[in-house]
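Q: I have a structure I would like to understand better, so I am pasting it below and will then ask my questions one at a time.
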Amino acid sequence: MNAALLSLFAPLAGGLLLVLWRPARAGLALGVALVSLLAAAAALHQVADGTRQWLEVGGWAPPLAIRLQLTPLSALLLLFTAGLHLLVAVYAARRPHAIGGADFWPLACLLHAALAALWLSADLFNLYVTLELLGLAAVALVALAGEKAQRPALDYLLLSLAGSLAYLLGVAILYGRYGVLDLFLLGEQATADAPTRLALLLMTLGLMLKGALWPLHLWLPAAHSSAPAAVSALLSALVVKGPLYILWLLWTRLAPTELAVQAGPLLAGAGALALLAGGWAALRTPLLKSLVAYSTVAQLGYALLALGLAMHWQEPRLEAALWLFVVAHGLAKVSMFLAAGELQHTLGGKRVVTLKGASQTLPVTMFTFVTAGVSLIGLPPSGGFLAKWLLLQPLLERPQHWGWALAVVLGTLMSAAYVFRVVAHGFDRARPQPPQVRPDRFGQWLTLLPALLVFGLALIGERMLPWLEGVSR
Amino acid sequence: MSTPLFWLGVGCVLWLLGLHGLLTLRNAVRRIIAINLMGSGVFLVMVALAIRERPGDPVLVALVVTGLVVAVSATALALRLSGQLARARKGDA
Amino acid sequence: MAEGLFDLVLAGLLLMLAGGALYGRSLYTSILLFVTFGLVLALVWARLGAVDLALAEAAIGAGLTGALLFAALARQGRAPEGEFDLACRRRGLAAAAVLLPVLWLMLSSLAPLAERDSPLPELALAALPHSGVEHPVTAVLLNYRAWDTLLELAVLLLALLGARQLGSGRLDTARPWPQLRAWNAHLAPLLVLVGGFLLWRGSSAPGGAFQAGALLAAGVVSLRLAHLLPPLRWSFWPLRLLVLLGLALFLAVAAAGAWLGQGWLSYPAGWAKPLILAIEVAATLSIAASLSLLVVGERREPAP
Amino acid sequence: MSWTSLLPLAIVLSSLVPGLIIFTLREEQQRLRVTLNLAGVALKVVLVAAMLIGVSDGLTFRFSLPFLPGAPLVLQGDALSLLFVTLSTVLWLATTVYAIGYLEDSPLRSRFFGYFSLCVSATVGLALAGNLVTFLLFYELLTLATFPLVVHRGTPESLRAGRVYLAYTVGGGTLVLMGVALLHALAGSPDFQPGGYLDGLVEERGPSLRVAFALLVLGLGVKAALIPLHGWLPKAMVAPAPVSALLHAVAVVKTGAFGIVRVVYDVYGAEAMEALALARPLLWLAAATILFGSLRALQQSELKRRLAYSTVSQVSYITLGVALLGPLAVVGGLVHLAHQGLMKVTLFYCAGNFAETLGVHRIREMNGIGRRMPLTMTAFTVGALGMIGVPPIAGFISKWYLGSGALEVGQDWVLLVLLGSALLNAAYFLPLVWRGWFATPADWHADNWAGERWETHWLLLLPVVFTALASVLVGILAGTAISPLGWARLIVDREFPR
């Protein structure tokens, strides 16, 4: 447990130091992320056999105080967060245009800390505070982009606050009904009565709003596409996953089975529609980063679909699929946003059509985009494929579930369409757009790294599954 | 009607009133006020739940204090953002 | 009976003010009504026995938010709004039509909650002797659920960092008139005194770091508006240190506990009271500094 | 890890690794690129030869790597996969030589050869795939690797063709994915085995198995260009000639046909096919495609498009042979996999030579071309006659076996289809041959190779002569054990133990 705490402490303390001590920012931030990464690896090693560790904060017994939990899944998410932060930080240190301002460093550290606190928490109100922390850090990061990002940042902030308040009202109702805030104690007591239903409804809506889950995703494309590239990468890969995690905890650990079974199809239906609506919007938008942002909306649809069906059928395999989607999407999206930023910066245009000829002028970046895209589409042997495979298996076992599989197929085709829409422009040799500035080779190769990791994920996927599935139940 | 129940209801009304404002209003400052009303509604619900017993439930009160600080922080940021936006718009005009 | 009537009046006032704050004719009226709403809400907290909250609401909710709102209004100017046209009215009615059934649903399902109670208050009181403070709310904030409080200080810091991204937050204040200067010069020490008192009281009775911090911030703001203080510059490192102090100390205590084997955020036996006091003092200073910077922070320094 | 388990992997890597290195080369590193390419080919030839010997001696080659839960990645060298691997390797060799000559001095060669090698690796991997999941992986990889080749020229026309190509193949790939996933959900993903592995499920999950079969055949049918899924193939003709040759003779269309062979015999098995009544629709589809492709070919006025429709028709012979479910017919289908590859690649090389040397694209421009380019035209004639089925060229052998196979299982009407198709083939190929040799020479706008020693670049000529000779030789030597026919019989003997 101490390793996990170190993984949380390092970015928090690092963030403070970065505010105070201003020279040598990048180096310190890198060190912080690295320490956090190593600590998270150690934490994962401690619980790799599927055990769960508790920490009672302040030494008080659970109903009174806050508990932190360390499960293989939360350790994995810690590792994932720290790894992506490290990667983005290395990239940002190399490519200052991608961060917007010097305050990126402390803010990114605090964002990392907020996520770490979120993955570890097992207390409903504490989760609310971490959510707010996460939301404010994200808004502040978006605002780094300067004037053009202020409107999206404000919309993001207001909707995120509204989501938090809906969640908080739900927490209040649950506390009023059961008198405790600990998630697992609540899970033991919860019954399917009216206050519980209302609370779960409010919390779900709030979390869906914060996590940009369809149909409450409208703020996401503007916010994610107007932020600096490194920030967009962090937002899409990590931030939206926080509310999703809480939603998952809520419905699989707290909610009475009866309610979960009832609510499952609703969430799954929203997920299926997200796949289609997000994919369609990504196909239509003329802007590159906006395309990538809409693809996040669509990809979250897979996760929501997996969650809804896992609830409906009480099927732990689908929970594993959910988390694989999250991890695979995170890695691919980091690559994709950084590549999109690199393309935009080097070619000097925001629109998809400015990519004409990019396969010649920026071959590595274009390759990165495709590699990441292949995982988003879910072609083998990527992590995205593995996740989709796990999702499909339970769907295909019974003919009456094939309707859901059809949604997955349509989502796949849509994602293929929007990824190849970009790729096709890259191969256009008719009027290539000349680069405005010299491309940076190291940066290009660095953006490729997470995309390659997604493919590595497929090879270790089988070993990861036990960590993702059912262990923390 | 008991006192907790009464204030519980008032809290809910306040929350919904704020939500209504958020859904219908366009002006940024007004929307921020709406969010704050939603917050006050939630806090009222929490305090109403806290006074179900004598003396009041310190845990809920503490949660409200925390929530209040979170709310004021977020409000401050939102107001700065809206002010900046308004200034940019004035600059454009 | 009288109490019920009082409740009814308060609630009616509260809701009317809330409605007015949302739909007031001009933005200025709206803000004014909202600040009044905050004050009435503080009364409601007092009526409901939550004195901590009443203090916090008066200082933070009404005072500080009001200041921020008026500052925003000053930046925004009195631009014509064009807010309440026919389309808006229709939208409002439609939303109301949707939300009214929701209200009914909420009320009907929440009604049974008013009868239940929680095991936590008893536990909290039982553990109070070991918590290092006498006031249960403070015990919850700084001992049982100190982790929330720590993170909440980080939220405040983030709001400040976020606001810093937005360019100049400077108010175009007119030159202060002499009376204001004189008045503020006397008011400020008073605010510091009251703040210190609230802080001290917090360990045994309602009051504490937030309330005190907000009061101090009010003092700083008024001094600054009267030009009795130099500009608060982010590039001045002691100021940054002050902002971070509370969080840093809190975090150091937490980490030291984990390091020395006590456990994350566990205070060693006998050290609870001094540690909590130290954290509270540091947090008060940090909160005061952060809030003042949020209201009157100076333009961001030129990029290095 | 013994050498028998590493050999399949080595065969895949022998083209993959040079391909990846080639991507990083600069444009002007011509010599290094050629060396790498040829070294990869040579290595692959040696490795494949070793495996051929091993398999005919009864060794099994199996490499496995954990991948999905219950579905490892398996590369396996059995008789059927080696037929395809050998074909791919030989044609890769020829096409590499051809491409070096063809693309001399054109831009972006590193990219071209990189994807070219990837494409071959995917094809070989697909041939060696030991279970459906592995097959799926290489199938999708092939789609990705061929797309840049189709749009290589980067013109609006080729981009349009690329979009159409992607729409078809990604759609088909998704269907295959669903089919594979469905079969995995029903029966897991064991290794391919003669006679299939679904016997126990036929009673219970019949409808689901039918759906899975339909998904797989439709998905594979896109690449095998079964009607109505053939639309991409004529459009993809805008690609450079070596790509057309590779796409049409080996890589893409054959993987579809090969996949159908695998699914029918090594996943479902003849018995399950009978029990589920799946063979008949497939047979009809194949017969319809044969006739339709030939009819459309007749209408084309552009040489490459005519060849493309001819491919649509000819590849379905393989499916036809498979769907007949009789030993002789299967021999015919499998042997056609190799024979059609050799003959069609010859024809495409010739078309490329005509276009490259004299700028000839349309059929009427071919008048008298035999006098200017006798060697190429001879090769073209061999290919064309072989396609019609004139003995002793390879095409005759496959048609003979297909015909006897149809009679063996009592589907006499198939003979009429074969006969009709042969007549149509004659109708669209013989005029070309006649024009080439006997018509008055046309007025060619440009002659890029006038006054040289050979009729065109020797690197373009060599592969043409090689594959034309091979087409004749495999026909003449069909009776021996080392010919494709001998190998196909070996496969069928193992498949239909008697």
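Just so it is clear, none of the values below were taken in a lab; they were calculated from the coordinates. Because the structure is predicted, anything quoted here is derived from the model rather than measured. Here Cβ is always computed from backbone atoms with ideal geometry, including for glycine, and neighbour counts include all displayed protein chains.
Q: Per-residue Cβ counts within 10 Å, from other chains only, averaged over A:127-134: what number is that?
A: That works out to 6 on average.
Q: Moving on to the next point. Could you give the nm distance between label points at A:His45 and A:Leu276, where each point is 7 Å from its Cα heading toward the beta carbon?
A: In this crude spin-label approximation the distance works out to 4.9 nm.
Q: What are the ³J(HN,Hα) values, in whole Hz, obtained from phi via the Karplus relation 6.51 cos²θ - 1.76 cosθ + 1.60 with θ = phi - 60°, for each residue of region D:135-152 in sequence order, with x given for Gly and Pro?
A: 4, 4, 4, 6, 4, 5, 4, 5, 4, 5, 6, 7, 4, x, 6, 5, 8, 3
Q: Distance from a point 7 Å along Cα→Cβ of D:Gln193 to each backbone N in region D:263-285: keep the residues under 17 Å and list them by number.
A: Counting only backbone N, you get D:263-273.
Q: Roughly how far apart, in whole Å, are the Cα centres of region A:384-437 and region C:266-283?
A: 56
Q: Can you compute the helix-only [θ] at 222 nm over chain A? Use -39500 (n - 2.57) per DSSP H run of at least 4 residues, normalise by all residues, nearest 500 deg cm²/dmol.
A: Calculated mean residue ellipticity at 222 nm is -25000 deg cm²/dmol.
Q: Cα gyration tensor of chain C, axes a ≥ b ≥ c as square roots of the eigenvalues: rounded (a/c below 1.5), prolate (a/b > b/c) or oblate?
A: Oblate shape, in that a/c is at least 1.5 and b/c is the bigger or equal ratio.
Q: Residue by residue through A:390-396, how many Cβ atoms from other chains fall within 10 Å of the Cβ on average?
A: If you average over the peptide's residues, the count of other-chain Cβ atoms is 5.
Q: Please give, to one decimal in nm, the separation of the simple spin-label points placed at A:Gln314 and C:Phe70, each 7 Å out from Cα toward the Cβ.
A: So the two model labels end up 6.0 nm from each other.
Q: Summing +1 for each Lys or Arg and -1 for each Asp or Glu, what net charge is found among the other residues whose Cβ lies under 15 Å from the Cβ of D:Gly221?
A: Result for the local shell: +3.
Q: Where does the charge balance sit around A:Ile66 when Lys and Arg score +1, Asp and Glu -1, over other residues with C-beta under 15 Å from its C-beta?
A: Residues close to A:Ile66 contribute a combined charge of -3.
Q: Could you list which residues have their amide H under 5 Å from that of D:Val360, counting only those 5 or more apart in sequence or on another chain, with H placed in the peptide plane?
A: Amide H neighbours of D:Val360, under 5 Å, 5+ apart: D:Ala355.
Q: Amide H neighbours of D:Leu73 under 5 Å, at least 5 residues apart or on other chains, H built in the peptide plane: list them.
A: D:Leu65, D:Phe67, D:Leu68
Q: Can you check what the net charge comes to around D:Asn37, using other residues whose Cβ is under 13 Å from the Cβ of D:Asn37 (Lys, Arg +1; Asp, Glu -1)?
A: +4
Q: Now, a different point. Residue by residue, what Karplus-based ³J(HN,Hα) values in Hz, rounded to whole numbers, does region A:383-388 have, using 6.51, -1.76 and 1.60 with θ = phi - 60° and x for Gly and Pro?
A: x, x, 5, 4, 5, 5
Q: A follow-up question, please. How about region D:174-236: which trypsin sites (Lys or Arg not before Pro) there are in a DSSP loop, with at most 12 other Cβ atoms within 10 Å of their Cβ?
A: none
Q: Let me ask something else. Would you list A:Asp103, C:Asp7 from fewest to most Cβ contacts within 10 Å? Don't jump to the answer; show the numbers that get you there.
A: Details: A:Asp103 22, C:Asp7 18.
Listed from fewest to most nearby Cβ atoms, that is C:Asp7, A:Asp103.
Q: Which of the pairs A:Lys210/A:Lys333; A:Lys350/D:Lys235; A:Lys148/A:Lys289 have their Cα atoms more than 24 Å apart in this structure?
A: Checking Cα-Cα distances, A:Lys350/D:Lys235 exceed 24 Å.
Q: Please give every one of the aspartates and glutamates within straight-line cross-link reach of A:Lys388, meaning a C-alpha to C-alpha distance under 16 Å, and leave out same-chain neighbours fewer than 8 residues apart.
A: A:Glu315, A:Glu319, A:Glu397, A:Glu462, A:Glu469, D:Glu140
Q: In addition: Could you give the nm distance between label points at D:Ser2 and C:Arg47, where each point is 7 Å from its Cα heading toward the beta carbon?
A: 8.9
Q: Here's something else I'd like to know. Calculate the radius of gyration of the Cα atoms of the protein assembly as shown to one decimal place, then report Dmax, the largest Cα-Cα distance, as a whole number, both in Å.
A: Reported Rg and Dmax, both Å: 36.4, 119.
Q: Then there is this: Rounded to the nearest 20 debye, what is the charge dipole size of region A:336-473 about its Cα centre when +1 sits on each Lys and Arg Cβ and -1 on each Asp and Glu Cβ?
A: So the magnitude is around 400 debye.
Q: Now for a different question. Suppose R0 equals 25 Å. What FRET efficiency, 1/(1 + (r/R0)^6) with r the Cβ-Cβ distance, do D:Arg26 and D:Leu462 give to the nearest 0.05?
A: Between D:Arg26 and D:Leu462 the formula returns 0.40.
Q: Place a +1 charge on the Cβ of each Lys and Arg in chain C and a -1 charge on the Cβ of each Asp and Glu, then give the dipole magnitude about the Cα centre in debye, rounded to the nearest 20.
A: 1120
Q: Right, next: On a C-alpha basis, how far is the centre of region D:199-232 from the centre of region D:1-74 in Å? Whole number, if you could?
A: Cα centroid to Cα centroid, the span is 30 Å.
Q: Give the peptides A:6-19, A:274-287 in descending order of average Cβ contacts within 10 Å, highest first.
A: Highest to lowest by the protection proxy: A:6-19, A:274-287.
Q: Determine ³J(HN,Hα), in whole Hz, for all residues of region C:101-116 in sequence, where each value follows from phi through the Karplus function 6.51 cos²θ - 1.76 cosθ + 1.60 and θ = phi - 60°; x replaces Gly and Pro.
A: x, 4, 4, 4, 4, 4, 4, 5, 8, 8, 3, x, 5, 4, 8, 7
Q: If you don't mind, another one. Across peptide C:46-54, what mean number of C-beta atoms from other chains lies inside 10 Å of a residue's C-beta?
A: 6
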